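Undergrad: My questions will all concern the structure given below.
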Amino acid sequence: MSNYQPMSAPPPEGRAGRRSVEAPPSIRTAVNIVWGIVAMSVVSLLLTFVYLDDLVEAASVNLSAEQQDAARTAALVSGVLFAVVFGVLWAVLGLFLGRGKSWARVVLTVLVVIGVLGGLFGFFSSRPVLLTIAGIVTLALQAALLYFMWQRDATAYLQGR
(Lines give C-alpha, C1' and ligand atoms only; values in the text may rest on other atoms or scores of the structure.)
Protein backbone atom coordinates (compact mmCIF):
# COMPACT_ATOMS: atom_id res chain seq x y z
CA MET A 1 0.00 0.00 0.00
CA SER A 2 1.01 3.48 -0.78
CA ASN A 3 0.90 6.43 1.59
CA TYR A 4 -0.03 8.79 -1.23
CA GLN A 5 -2.55 11.48 -0.27
CA PRO A 6 -3.69 13.91 -2.94
CA MET A 7 -3.28 17.62 -2.31
CA SER A 8 -6.39 19.68 -1.81
CA ALA A 9 -7.41 21.82 -4.73
CA PRO A 10 -6.21 25.44 -4.66
CA PRO A 11 -8.81 28.18 -4.39
CA PRO A 12 -10.33 29.19 -7.72
CA GLU A 13 -8.50 31.88 -9.59
CA GLY A 14 -10.10 34.86 -11.24
CA ARG A 15 -8.87 36.76 -14.23
CA ALA A 16 -5.15 37.46 -14.50
CA GLY A 17 -4.39 34.67 -12.06
CA ARG A 18 -5.82 36.47 -9.04
CA ARG A 19 -7.49 34.40 -6.41
CA SER A 20 -11.16 35.17 -6.00
CA VAL A 21 -11.97 36.79 -2.69
CA GLU A 22 -15.44 37.39 -1.39
CA ALA A 23 -16.33 41.06 -1.02
CA PRO A 24 -16.44 42.23 2.60
CA PRO A 25 -19.73 43.28 4.19
CA SER A 26 -19.08 46.98 3.64
CA ILE A 27 -18.69 46.48 -0.12
CA ARG A 28 -21.78 44.28 -0.32
CA THR A 29 -23.73 46.92 1.61
CA ALA A 30 -22.38 49.67 -0.64
CA VAL A 31 -23.50 47.78 -3.74
CA ASN A 32 -26.97 47.36 -2.23
CA ILE A 33 -27.05 51.09 -1.51
CA VAL A 34 -26.18 51.78 -5.16
CA TRP A 35 -29.24 49.74 -6.14
CA GLY A 36 -31.26 51.80 -3.66
CA ILE A 37 -30.04 55.01 -5.30
CA VAL A 38 -31.02 53.65 -8.72
CA ALA A 39 -34.47 52.78 -7.35
CA MET A 40 -34.83 56.26 -5.86
CA SER A 41 -34.01 57.83 -9.21
CA VAL A 42 -36.89 55.84 -10.73
CA VAL A 43 -39.19 56.94 -7.89
CA SER A 44 -38.13 60.57 -8.38
CA LEU A 45 -38.74 60.30 -12.11
CA LEU A 46 -42.24 58.90 -11.52
CA LEU A 47 -42.98 61.65 -9.02
CA THR A 48 -41.76 64.22 -11.54
CA PHE A 49 -44.31 62.85 -14.02
CA VAL A 50 -47.05 63.02 -11.41
CA TYR A 51 -46.22 66.62 -10.45
CA LEU A 52 -45.12 67.79 -13.89
CA ASP A 53 -47.79 70.47 -14.25
CA ASP A 54 -47.03 71.91 -10.81
CA LEU A 55 -43.29 71.92 -11.51
CA VAL A 56 -43.69 73.63 -14.90
CA GLU A 57 -46.04 76.25 -13.46
CA ALA A 58 -43.64 76.99 -10.60
CA ALA A 59 -40.68 77.32 -12.96
CA SER A 60 -42.36 79.16 -15.83
CA VAL A 61 -42.76 82.84 -15.29
CA ASN A 62 -44.72 84.65 -17.99
CA LEU A 63 -44.72 81.74 -20.45
CA SER A 64 -47.48 81.23 -22.96
CA ALA A 65 -49.47 78.00 -23.05
CA GLU A 66 -47.42 76.78 -26.01
CA GLN A 67 -44.18 77.51 -24.19
CA GLN A 68 -45.44 75.66 -21.12
CA ASP A 69 -46.31 72.64 -23.31
CA ALA A 70 -42.80 72.78 -24.79
CA ALA A 71 -41.37 72.95 -21.27
CA ARG A 72 -43.40 69.87 -20.26
CA THR A 73 -42.16 67.95 -23.28
CA ALA A 74 -38.57 68.99 -22.64
CA ALA A 75 -38.88 67.99 -18.99
CA LEU A 76 -40.28 64.57 -19.89
CA VAL A 77 -37.64 63.81 -22.51
CA SER A 78 -34.71 65.11 -20.46
CA GLY A 79 -35.99 63.41 -17.30
CA VAL A 80 -36.24 60.02 -18.97
CA LEU A 81 -32.85 60.35 -20.68
CA PHE A 82 -31.22 61.53 -17.46
CA ALA A 83 -32.74 58.69 -15.44
CA VAL A 84 -31.78 56.03 -17.98
CA VAL A 85 -28.21 57.24 -18.54
CA PHE A 86 -27.41 57.82 -14.89
CA GLY A 87 -29.34 54.77 -13.72
CA VAL A 88 -27.28 52.55 -16.02
CA LEU A 89 -24.07 54.37 -15.01
CA TRP A 90 -24.77 53.89 -11.29
CA ALA A 91 -25.71 50.24 -11.82
CA VAL A 92 -22.57 49.46 -13.84
CA LEU A 93 -20.36 51.24 -11.31
CA GLY A 94 -22.03 49.30 -8.49
CA LEU A 95 -21.27 46.03 -10.28
CA PHE A 96 -17.63 47.01 -10.78
CA LEU A 97 -17.36 48.08 -7.14
CA GLY A 98 -18.65 44.67 -6.10
CA ARG A 99 -16.00 43.06 -8.28
CA GLY A 100 -13.26 44.97 -6.50
CA LYS A 101 -12.48 47.75 -8.96
CA SER A 102 -11.08 50.66 -6.95
CA TRP A 103 -11.64 53.13 -9.79
CA ALA A 104 -15.39 52.49 -9.46
CA ARG A 105 -15.23 53.74 -5.86
CA VAL A 106 -13.53 56.94 -7.02
CA VAL A 107 -16.10 57.55 -9.78
CA LEU A 108 -18.98 56.79 -7.39
CA THR A 109 -17.50 59.23 -4.88
CA VAL A 110 -17.42 61.96 -7.54
CA LEU A 111 -21.02 61.17 -8.53
CA VAL A 112 -22.09 61.32 -4.88
CA VAL A 113 -20.45 64.74 -4.41
CA ILE A 114 -22.18 66.04 -7.55
CA GLY A 115 -25.45 64.46 -6.41
CA VAL A 116 -25.23 65.97 -2.93
CA LEU A 117 -24.54 69.43 -4.35
CA GLY A 118 -27.45 69.07 -6.76
CA GLY A 119 -29.68 67.70 -4.03
CA LEU A 120 -28.88 70.58 -1.70
CA PHE A 121 -29.56 73.04 -4.51
CA GLY A 122 -32.94 71.38 -5.04
CA PHE A 123 -33.97 72.21 -1.48
CA PHE A 124 -33.91 75.90 -2.36
CA SER A 125 -36.47 75.45 -5.12
CA SER A 126 -40.17 75.08 -4.62
CA ARG A 127 -41.24 71.52 -5.26
CA PRO A 128 -43.85 69.10 -3.95
CA VAL A 129 -43.34 67.50 -0.55
CA LEU A 130 -43.01 63.97 -1.94
CA LEU A 131 -40.18 65.05 -4.24
CA THR A 132 -38.48 66.71 -1.28
CA ILE A 133 -38.80 63.50 0.75
CA ALA A 134 -37.40 61.48 -2.16
CA GLY A 135 -34.49 63.92 -2.30
CA ILE A 136 -33.82 63.53 1.41
CA VAL A 137 -33.88 59.73 1.12
CA THR A 138 -31.48 59.89 -1.83
CA LEU A 139 -29.10 62.19 0.07
CA ALA A 140 -29.16 59.80 3.03
CA LEU A 141 -28.39 56.85 0.73
CA GLN A 142 -25.52 58.77 -0.85
CA ALA A 143 -24.06 59.60 2.57
CA ALA A 144 -24.35 55.95 3.59
CA LEU A 145 -22.69 54.90 0.33
CA LEU A 146 -19.70 57.12 1.06
CA TYR A 147 -19.48 55.71 4.58
CA PHE A 148 -19.50 52.07 3.49
CA MET A 149 -17.27 52.50 0.42
CA TRP A 150 -14.49 54.05 2.48
CA GLN A 151 -14.43 51.57 5.39
CA ARG A 152 -11.12 49.88 6.18
CA ASP A 153 -12.26 46.45 5.02
CA ALA A 154 -13.50 47.98 1.75
CA THR A 155 -10.16 49.70 1.21
CA ALA A 156 -8.25 46.50 1.96
CA TYR A 157 -10.47 44.56 -0.46
CA LEU A 158 -10.10 47.11 -3.23
CA GLN A 159 -6.34 47.43 -2.77
CA GLY A 160 -5.91 43.67 -2.72
CA ARG A 161 -7.65 43.22 -6.07
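Undergrad: Please specify each residue of region 61-79 satisfying the condition of being outside any helix (DSSP H, G or I) and surrounded by 14 or more Cβ atoms within 10 Å (Cβ to Cβ). Steps first, answer last, please.
TA: The initial filter retains those residues of region 61-79 that are outside any helix (DSSP H, G or I), namely 61-64.
Scanning region 61-79 gives a single hit, L63.
Undergrad: When residues of region 134-161 are filtered for being over 16 Å from M40 (Cα atoms), among the hydrophobic types (A, V, I, L, M, F, W, C) and touching a Ser or Thr at 6+ places or on another chain (Cβ under 6 Å), how many remain? Give the derivation first.
TA: Residues of region 134-161 that are over 16 Å from M40 (Cα atoms), as a first pass: 146-161.
So of that shortlist, the ones also among the hydrophobic types (A, V, I, L, M, F, W, C) come out as 146, 148-150, 154, 156, 158.
With the extra rule that they be touching a Ser or Thr at 6+ places or on another chain (Cβ under 6 Å), the set shrinks to 148, 154, 158.
Result for region 134-161: 3.
Undergrad: Output yes when any residue across region 139-160 is more than 22 Å from P25 (Cα to Cα), open to solvent by 60 Å² or more (accessible area, probe 1.4 Å) and modelled with pLDDT of 90 or more, and no when none is.
TA: The answer is no, given that none of the residues of region 139-160 is more than 22 Å from P25 (Cα to Cα), open to solvent by 60 Å² or more (accessible area, probe 1.4 Å) and modelled with pLDDT of 90 or more.
Undergrad: Sort through L111, L131, L93 and tell me the only one that's more than 18 Å from S44 (Cβ to Cβ) and open to solvent by less than 30 Å² (accessible area, probe 1.4 Å).
TA: Numbers: L111 fails: more than 18 Å from S44 (Cβ to Cβ); L131 fails: more than 18 Å from S44 (Cβ to Cβ).
On inspection, the qualifying residue turns out to be L93.
Undergrad: I'd like the full set of residues that are buried (at least 20 other Cβ atoms within 10 Å of the Cβ) and closer than 10 Å to A91 by Cα, limited to region 32-43.
TA: Hits for region 32-43 are V34, I37.
Undergrad: Which of the residues belonging to region 44-60 are open to solvent by 90 Å² or more (accessible area, probe 1.4 Å) and under 23 Å from the mean Cα position of the chain (by Cα)? Give the derivation first.
TA: Quick first cut of region 44-60, residues open to solvent by 90 Å² or more (accessible area, probe 1.4 Å) only: 46, 50, 57.
Result: L46, V50.
The values are calculated or read from the model by the stated rules, or taken from the named source; none is laboratory data. In this text the structure is predicted, and so the values were computed from the model without any measurement. All Cβ positions, even for glycine, are placed from backbone atoms using ideal geometry, and neighbour counts span all protein chains on display. Protein only, heavy atoms only, side chains kept; ligands, DNA and RNA dropped before computing areas. Shrake-Rupley method; radii C 1.70, N 1.55, O 1.52, S 1.80 Å.
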